[in-house]
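Throughout, read-outs are computed from the coordinates displayed, never taken from laboratory work. What you see is a predicted model, and the numbers here were worked out from it, not measured in a lab. A quick note on method: Cβ atoms are made from the backbone with ideal geometry, for glycine too, and the neighbour counts reach across all protein chains shown.
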Amino acid sequence: MSLLLVEHLSIRYAGAHRVRDLSFSVAPGEAVGLVGESGSGKTQTALALLGLLPASAAVTGSVRLEGKELLGAGEGVLDALRARRIAMVFQDPMQALNPYLRVGPQLLHIVRRHRIGEPGDAVERVRDMLGRVGLPDPGRQYRAYPHELSGGMRQRVMIAAALIAEPALLVADEPTTALDVTVQAQILELLASVRGDTALLLITHDLGVIAGRCERMLVIRSGELVESGATRDVFAAPRNEYTARLIAAAPRLDAAAAPATGTHDEVLSVVGARVRYSSRRQGGLEAVRGVDLSVGSGEAVAVVGESGSGKSSLVRAVLGLVPLASGRVIFCGEEIAGAVQTRARRLRRDLQLVFQDPVGSLDPQMRVATLVGEPLTVHEPAMSAAARRDAVERTLARVGLGAHYLHRFPHQLSGGEAQRVAIARALIVGPRVLVCDEAVSALDGTIRAQILSLLRDEQREHGLSIVFITHDLAVVRGFCQRVLVMYLGALAELADNSALFGAPRHPYTRALLDAVPVPDPAAPGGRATIRGEVASALTPPTGCAFHPRCPHAREVCRAEVPTPRQVGDSRVACHLAEDI
Amino acid sequence: MSRRTGLRGRLAGNRTVVFCLAVLGLVAAVAVFGPWLSRNDYLSTNFDLVLDGPTWAGGHIFGTDQLGRDLFVRTMLGIRVTIAVALVASAVSLVIGVFYGMVAGYARGWLDAVMMRFVDTLYAMPFIFLVILLMVAFGRNFLLIFVAIGAINWLDMARIVRGQTLSLREKEFVEAARVTGVPAPRIMLRHIAPNLIGVVVVYLTLTIPQAILVESFLSFLGLGVQEPQTSLGALVHDGVNQMEGAPHLLLIPAVLLAAILLLFNFLGDALRDVFDARQEP
């Protein structure tokens with residue numbers, strides 16, 4: 001008998017279907033993946049399972065857990081089932097935890113509320129659970145507030161909270177999307193190892209996450225189930241055309257390397273860049289500690305690292321958004337420095353930026369026509385309104401948007417359309433260098449592939465140089481010619497695409513590569529070969545900043561800071577690059 | 001289906017806004033032109049008709065007060081003052097407060113510190129003391145009420161706008177504009193200001209009733225509107241004293257005052273939606 005049986009589930013808001021006639025089941029102890037792009041109704045489905053949909057949702061069909069009907073069940077019935085029989089882990093652990101309560105008491109509340117075990121053992125039970133999910137010092141973290149923990153640690157606490165009552169079914173909605181790739185690998189491993197007999201419904205947009213973790217998978221699109229089956233079979237021979245497209249669009253490490261394009265005419269170079277932030281309470285911290293980088297004309301250079309690696313600070317300093325503590329930025333042979341307001345107008349034209357969140361980087365009160373035209377208004381004030389309109393239409397066409405988008409507001413665009421508008425806004429003044437700060441990370445797989453091919457065309461046809469900040473090495477493989485891997489504000493490895501993916505020299509690069517989830521059930525990747533998370537830049541470790549997490553660390557790594565040197569085809573900052 | 005789009009379309013498409021503006025316009029028109037059409041004026045007393053109830057036939061449609069003056073004309077006079085106070089208070093906090101707060105919040109650093117300490121200093125002055133100071137300097141003058149109310153009203157607005165600007169300037173779309181090379185004045189005018197409107201309008205609708213109440217309070221203390229001039233606040237105060245014998249003296253101005261305040265509140269609530277492009281489907 002199946003543990004969870006969903007039959008003909010439909011969810012409507014104001015008459016519009018978000019989920020339509022969805023039927024599936026989960027057997028006891030089974031791990032099932034639910035894959036869908038944004039707007040596919042996967043989160044709505046999860047909320048329906050727990051009875052958490054708002055009153056405005058019209059729900060029909062049937063959801064049965066261990067034979068008990070959940071749809072339309074009273075709060076009392078649901079309350080008895082939640083946590084004890086069915087539990088949920090959300091995407092953002094910061095929002096799911098109460099910021100004013102210490103972690104331990106929050107979990108203790110669940111134990112007491114549901115009368116789990118002997119009342120006298122409650123505290124011990126919580127400590128034990130925190131230890132099982134891998135908190136290094138459960139006694140101390142029991143008394144910590146959520147903000148004192150890192151993102152990965154908070155998600156571990158959420159998992160502890162979900163599993164503490166040993167439920168029959170755990171629903172995890174994008175549990176690792178907000179986390180770094182190495183942390184993601186650790187959390188996924190934890191979910192697999194700690195859940196025991198609990199069945200898992202893993203909801204995600206990332207096929208790589210499903211590939212290695214779930215026996216069966218379901219693919220939904222616009223609220224309808226388009227494919228279901230054993231994960232292995234679906235990946236090997238998808239029956240549905242949409243599933244096939246999803247699998248094809250997922251970036252893979254074993255894809256062909258990005259073809260070498262561009263010339264070696266240096267457009268932009270950074271020498272010994274340092275960025276410092278000072279804070280009155282905590283003293284200063286050095287976010288970027290002496291990084292060199294050069295970008296050729298028509299070349300795409302990736303800057304890769306986990307959060308806290310200083311990759312964003314580096315490019316923000318290049319753009320003049322944060323001050324450079326020392327070092328030089330040279331653009332077309334000319335030294336540029338100082339804040340963006342003080343730079344020559346021509347420079348501000350030549351360096352443009354595209355952000356991660358496309359909707360957030362567009363003014364919500366402006367129409368597309370004004371948004372895309374604004375850089376022209378500023379840089380070419382003499383241009384006539386008609387000519388500007390013409391240029392806007394041409395640029396929109398370049399990014400694949402028709403003239404009917406001109407009068408839309410940002411909230412009327414989808415994520416992919418909004419990112420195209422943001423790119424059009426950057427391209428309209430004809431920049432030499434485009435900085436993409438996680439510009440495709442928030443986009444769905446199929447949309448991401450489209451945006452990347454759009455950027456590739458710009459690179460090839462207009463000789464645009466691209467600085468591509470990302471945490472996702474799989475995307476880098478097919479897109480960038482050169483890769484800079486940063487760790488805690490310093491260079492870890494700098495190499496050409498083929499060298500970096502073919503023969504990674506730095507242990508951190510290897511760990512990043514191991515952690516990338518691969519959409520292939522036979523070789524799923526996503527292995528956590530390093531533990532823990534990036535150290536705080538406030539208190540950087542001695543010697544090599546990576547040594548506390550490095551599996552190869554020796555005495556010399558603890559004592560001496562490695563200087564970058566040439567090993568093979570790579571520039572590596574590691575004492576042991578030749579030996580490992 | 002044709003959709004109304006753009007600011008004008010949203011304005012015309014919002015029934016609450018149209019209704020509130022129409023009624024407020026009507027009230028203002030009656031207040032301005034009504035007294036001219038009436039046979040009575042606000043000064044003349046008639047001791048034969050003291051505290052008379054509202055009648056059509058007698059010509060005093062709102063009745064008369066304790067001195068036999070026509071309440072209709074006096075109420076209209078009061079509405080004029082009340083609406084004028086509301087408009088001046090909102091205009092001052094809109095023009096000075098929004099501009100001041102936006103500049104301070106966008107500039108940050110020392111300029112922000114200096115500007116906001118100036119606001120704190122004005123805040124620290126006791127309001128009544130400020131009014132008396134003004135009166136000593138300029139003599140007793142009806143206009144001083146507007147100056148006094150204006151002088152305090154923009155302070156709150158400046159603080160609120162500054163706080164909002166501080167958070168807006170960290171938004172990605174502002175950073176995007178800076179990288180693109182958009183100069184600071186244009187960023188403030190085109191990117192910050194339109195995104196402030198929601199807060200500003202809501203705060204204005206709180207300011208207007210507050211200003212109206214402050215005016216009544218000043219008039220009550222003898223520092224505001226002086227007899228025989230009057231305002232709705234002063235009329236309500238007079239009405240309270242005659243509540244038992246002649247309730248119309250309290251009820252008519254009180255109901256009108258409440259109705260005007262409600263209209264302003266509804267208007268503000270609806271305007272917030274109208275000014276936000278995100279409300280467009």
- FRET E, pair A:SER23, A:HIS109, Förster distance 30 Å, beta-carbon r, rounded to 0.05: 0.25
- What is the average number of partner chain Cβ atoms found within 10 Å of a Cβ in A:424-433? 1
- Query: What is the order of A:HIS547, A:HIS552, fewest Cβ neighbours within 10 Å to most?
  - Reply: A:HIS552, A:HIS547
- Task: List the residues whose amide H sits under 5 Å from the amide H of A:CYS480, counting only those 5 or more places along or on another chain, with H placed 1.01 Å from N in the peptide plane.
- Result: A:ALA258
- Anchor A:LYS42: lysines whose Cα lies under 30 Å away (excluding residues fewer than 8 positions away in-chain): A:LYS68, B:LYS171
- Message: Let me confirm one metric for peptide A:351-361, namely the mean number of other chain beta-carbon atoms within 10 Å of its residues' beta-carbons.
- Response: 4
- Task: Wrap a convex hull around the Cα atoms of the stretch B:138-281, take a quarter of its surface area, and give that in square nanometres.
- Result: 12.2 nm²
- Tell me, B:VAL182, A:VAL126 in order of fewest to most beta-carbon neighbours within 10 Å? B:VAL182, A:VAL126
- Item | Cα-based radius of gyration of the stretch B:21-126 once divided by 2.2 N^0.38 Å, which approximates compact folds | 1.73
- Item | Overall dimensions of chain A as given by Cα atoms, namely Rg and Dmax in Å | 25.2, 79
- Query: Given H placed 1.01 Å from N in the peptide plane, which residues other than close sequence neighbours of A:VAL89 have an amide H under 5 Å from its amide H?
  - Reply: A:VAL171, A:ALA172, A:ASP173
- Message: Run the simple label-point estimate for A:ARG531 and B:MET243 please: 7 Å along Cα→C-beta, distance reported in nm.
- Response: 7.6 nm
- Item | Span from the the stretch B:232-281 Cα centroid across to the the stretch B:157-201 one, whole angstrom | 33 Å
- Rounded, prolate or oblate: which one fits the stretch A:28-70, using the alpha carbon gyration tensor with axes a ≥ b ≥ c (rounded when a/c is under 1.5, else prolate when a/b beats b/c, else oblate)? oblate
- Message: Using the alpha carbons of the stretch A:266-572, what is the convex hull volume per residue in cubic angstrom, as a whole number?
- Response: 151 Å³
- Could you pull out every residue, at least 5 positions away or on a different chain, whose amide H is within less than 5 Å of the one on B:GLY63? Hs are placed 1.01 Å off N in the peptide plane, and Pro or chain starts have none. B:THR55, B:LEU71, B:PHE72
- Dividing the alpha-carbon Rg of the stretch A:462-580 by 2.2 N^0.38 Å yields what? 1.09
- Divide by every residue of the protein assembly as shown the summed helix terms, -39500 (n - 2.57) for each DSSP H run of at least 4, and state the resulting mean residue ellipticity at 222 nm, rounded to the nearest 500 deg cm²/dmol. -14000 deg cm²/dmol
- Note on the structure: Given A:518-528, A:95-105, B:169-179, B:149-159, the highest-first ranking by average Cβ count within 10 Å works out to B:149-159, B:169-179, A:518-528, A:95-105
- Message: Just want to confirm a number: the relative contact order over the stretch A:266-572, from Cα pairs under 8 angstrom separated by 6+ residues, in percent.
- Response: 22 percent
- From the backbone phi of the stretch A:525-539, what are the Karplus-calculated ³J(HN,Hα) couplings (6.51 cos²θ - 1.76 cosθ + 1.60, θ = phi - 60°) in whole Hz, Gly and Pro given as x? x, x, 8, 8, 9, 10, 9, x, 9, 4, 5, 6, 5, 5, 10
- Message: Test of the criteria: in the stretch B:95-150, which trypsin sites (Lys or Arg not before Pro) are in a DSSP loop and have at most 16 other Cβ atoms within 10 angstrom of their Cβ?
- Response: B:ARG108, B:ARG140
- Task: Take the Cβ-Cβ distance between B:LEU221 and A:HIS462 as r, set R0 to 51 Å, and report the resulting FRET efficiency rounded to the nearest 0.05.
- Result: 0.10
- Obtain the radius of gyration and the Kirkwood radius of the stretch A:98-195 from its C-alpha atoms and give Rg over Rh. 0.94
- Take every residue in peptide A:372-380, count the Cβ atoms of other chains within 10 Å of its Cβ, and give the average of those counts. 3
- Note on the structure: Final fewest-first order of A:ARG64, A:ARG348 on the 10 Å Cβ neighbour count is A:ARG64, A:ARG348
- Note on the structure: Counting only DSSP loop positions in the stretch A:187-259, the GluC sites (Glu not before Pro) whose Cβ has at most 10 other Cβ atoms within 10 Å are none
- With r as the distance between the Cβ atoms of B:VAL23 and B:GLN210 and R0 = 22 Å, compute the FRET efficiency 1/(1 + (r/R0)^6) and round to 0.05. 0.55
- Item | Net lengthening on full extension, A:TYR13/A:GLU118 (0.36 nm per residue, minus Cα-Cα) | 33.4 nm
- Task: Taking the convex hull of the Cα atoms, report for chain B its projected area averaged over all directions, in nm².
- Result: 19.2 nm²
- Note on the structure: Note: A:SER279 to A:ALA236 extended length (0.36 nm per residue) minus current alpha-carbon separation gives 10.2 nm
- Treat each spin label as a single point 7 Å out from the Cα along the C-beta direction, and report the A:GLU266 to A:ALA248 distance in nm. 4.2 nm
- Task: For the stretch A:366-375, take each phi angle, set θ = phi - 60°, evaluate the Karplus expression 6.51 cos²θ - 1.76 cosθ + 1.60, and give the result in whole Hz per residue in order, putting x for glycine and proline.
- Result: 10, 7, 3, 4, 5, 4, 6, x, 4, x
